[in-house]
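What follows is a short report on a single structure.
Just so you know, all these numbers are worked out from the coordinates, no wet-lab data involved. Remember, predicted model here, so these are calculated numbers, not experimental data. Every residue, glycine among them, receives a Cβ derived from its backbone with ideal geometry; neighbour counts consider all protein chains shown.
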Amino acid sequence: MEIIPVIYILKGQVVALYKGSLEQKEVYRTSPVDLAKNMQSQGAHKILIVDLDASEFGDNRNQALIEDIRRAVSCELMIAGRIRTMEALDYNFKIGMNFVVLGVAARQIYAEAIKKYGADRVIVGIKAKGDEVLTDEKRAFPLRVIDFAEGLPELGVTQVLFKDIFKEGTQVNPNYDEIDRIMQMTPLEVYVSGGIGDDKNLRLLKKIGTKGAMIGKAIYERELIFSDFNY
């Protein structure tokens with residue numbers, strides 16, 4: 001199982017949200033570039049960058065900063081944050097991102113993105129509340145996580161990043177039930193984010209067969225020491 005540290009960037013700062021709320025956030029003094037360098041020095045082979053300004057406001061203010069991170073580290077980088085068009089996807093691969101996370105709103109480009117860049121480099125992000133997918137769409141009924149996930153393989157998707165925002169920043173266990181449901185009912189490989197707070201969480205995620213655990217706050221606050229991971 002991969003252990004992947006996450007850098008959440010808001011207005012150029014490293015932050016950790018609580019249950020997805022921008023009003024309930026912790027701001028950390030370290031710069032995103034220094035944090036990325038420190039994570040790499042501790043042994044990180046891959047880092048996820050989440051551009052919250054892009055995802056929440058459609059604001060590209062962090063682009064130069066993200067390019068600075070790319071120049072500062074040699075490890076593989078993943079990027080997430082309102083990437084909904086092929087132009088945005090092309091830009092991120094052009095600046096050296098190794099993997100791109102496409103959200104639910106980008107599903108119209110899943111097949112094209114995978115055809116161009118490969119299923120190993122394009123990951124679908126499923127942001128949820130419990131068993132419901134968070135989406136901007138107006139729907140008569142909620143979109144269930146498993147219903148959405150079951151339709152992905154036919155588009156060529158092989159990897160998903162599942163995040164339950166009810167768990168984000170709590171460090172009180174991931175949503176194991178939904179993770180297990182995706183893994184049991186689809187052939188998808190699953191990365192997990194949200195609620196990971198201790199070594200016990202990591203051991204259980206490995207036991208159930210998740211592809212990777214993505215961790216932010218627990219690393220920032222040294223609840224988990226990245227250099228101690230051995231999974």
Over the stretch 27-150, what is the relative contact order in whole percent, taking alpha-carbon pairs under 8 Å and six or more residues apart?
17 percent
With a ≥ b ≥ c the root eigenvalues of the C-alpha gyration tensor of the stretch 2-228, is it rounded (a/c under 1.5), prolate (a/b larger than b/c) or oblate?
rounded
Can you compute the charge dipole magnitude of the chain about its Cα centre, using +1 on each Lys and Arg Cβ and -1 on each Asp and Glu Cβ, nothing else charged? Give it in debye, rounded to the nearest 20.
200 debye
Given 25 °C and 0.890 mPa s, compute D for the stretch 1-88 with the Stokes-Einstein relation, Rh being the Kirkwood radius over Cα pairs; round to the nearest whole µm²/s.
183 µm²/s
Count neighbours as other Cβ atoms within 10 Å of each site's Cβ, and list the GluC sites (Glu not before Pro) in the stretch 161-223 that are DSSP loop with at most 15 such neighbours.
Glu221, Glu223
Whole-Hz Karplus ³J(HN,Hα) for the stretch 97-105, in order, using 6.51 cos²θ - 1.76 cosθ + 1.60 and θ = phi - 60°, x for Gly and Pro?
5, 8, 9, 10, 9, 9, x, 4, 5
What is the distance, in nm, between label points placed 7 Å from the Cα along the Cα-to-Cβ direction at Glu221 and at Glu23?
2.0 nm
For the stretch 93-208, count all C-alpha to C-alpha pairs, find those more than 21 Å apart, and express that count as a whole percent of the total.
38 percent
Listed residues Ile83, Ile66, Val133: farthest to the positive end of the dipole of the chain (Cβ charges):
Ile66
Roughly speaking, what is the stretch gain from Asp198 to Lys116, that is 0.36 nm per residue apart minus the C-alpha to C-alpha distance, in nm to one decimal?
25.7 nm
Less than 17 Å apart at the alpha-carbon level, and either on another chain or at least 8 residues along: which lysines does that give for Lys94?
Lys115, Lys116
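Using only alpha carbon pairs under 8 Å that are at least six residues apart, calculate the relative contact order of the chain and give it in whole percent.
It comes to 20 percent, rounded to a whole number.
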Of all DSSP beta bridges in the chain, antiparallel share, percent nearest 5:
25 percent
Positive-end residue of Pro187, Ala105, Val6, charge dipole of the stretch 2-228 with Cβ unit charges:
Val6
Ser74 versus Gln42, label points 7 Å from Cα toward the beta carbon: distance in nm?
2.1 nm
Reduced to Cα centres, the span from the stretch 40-82 to the stretch 145-188 in Å works out to 23 Å
Using a Förster distance of 35 Å, the FRET efficiency for Tyr91-Glu2 (Cβ separation, nearest 0.05):
0.90
Tabulate in residue order the Karplus-calculated ³J(HN,Hα) for the stretch 49-54, using 6.51 cos²θ - 1.76 cosθ + 1.60 with θ = phi - 60°, rounded to whole Hz; enter x for Gly and Pro.
9, 10, 8, 6, 4, 5
